[in-house]
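The values are calculated or read from the model by the stated rules, or taken from the named source; none is laboratory data. What you are looking at is a predicted structure, and each value in this text was computed from that prediction instead of being measured. FYI the Cβ positions are ideal-geometry reconstructions off the backbone, even for glycines, and counts take in every protein chain you see. What goes into the accessible areas is simple: the full protein's heavy atoms, side chains included, and nothing from ligands, DNA or RNA. Shrake-Rupley method; radii C 1.70, N 1.55, O 1.52, S 1.80 Å.
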Amino acid sequence: MGKIEKRLEELGIELPNAPEAMASYVVVQKVDDMLYFSGASPMKDGKPTMQGILGKDFTIEEGYDGARQAGLLLLSQLKKAVGDLDNVEQIVKLFGIVASSNDFFEHPAVINGASELFVEVFGEKGKHARSAIGTSVLPWNLPLEVEMIVKVKAK
């Protein structure tokens, strides 16, 4: 068991099954030592666990938990892509999109759910650049979506 697997165990984190693509795209695209991940949302077994709008249907805290769920799905896809999570050199960038009401301005606080998860798991290697934006609606009435870019050890 690698260092990151042990860390997950210490944190009591069990990764969900890595979801497959839900349309005509790939979940992860590898270019040299960089992995580009499609967006993940709060889902379980291919079904949304949350549907609605931040600031109307969900609080910041509920959104934070949803972003953490999305982060766990990204971690499971990352593990599937690299096998051993110790092969991760750096979480480079996260891009978070939050479906929100016009008077909601706490998009960064919501996406912190994913950001803080990656730092918790990877330490310094989990610190990343990030954007967090709002939109009026996301597919399937999902409240948020998180994408990531990861650098892995060259083989």
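No other residue among SER131, SER136 is at pLDDT 95 or above and open to solvent by less than 50 Å² (accessible area, probe 1.4 Å) apart from SER131.
Mind checking which residues of the range 17-38 are touching a residue at least 40 places away in the same chain (Cβ under 8 Å) and open to solvent by less than 50 Å² (accessible area, probe 1.4 Å)? Matches in the range 17-38: ALA18, PRO19, VAL27, VAL28, ASP33, MET34, LEU35, PHE37, SER38. The numbered conditions (1) open to solvent by 70 Å² or more (accessible area, probe 1.4 Å); (2) in a loop (DSSP other than H, G, I, E, B) are all true for MET50 except (1). Is it the case that GLY46 is in contact with a strand residue (DSSP E or B) (Cβ under 6 Å, 6 or more places away or on another chain) and of a type outside the set (Asp, Glu)? No, not satisfied. All conditions in (1) outside any loop (DSSP other than H, G, I, E, B); (2) touching a residue at least 40 places away in the same chain (Cβ under 8 Å) hold for GLU9, with the sole exception of (2). Residues of the range 72-125 that are touching a residue at least 40 places away in the same chain (Cβ under 8 Å), among the β-branched types (Val, Ile, Thr) and either in a helix (DSSP H, G or I) or open to solvent by less than 40 Å² (accessible area, probe 1.4 Å) (or both): VAL82, VAL88, ILE91, ILE97, VAL98, VAL110, ILE111, VAL121.
For the range 116-153, filtered to residues that are more than 13 Å from the chain's Cα centre (by Cα) and of a type in the set (Lys, Arg), the residue that is farthest from ARG68 (Cα to Cα) is LYS153.
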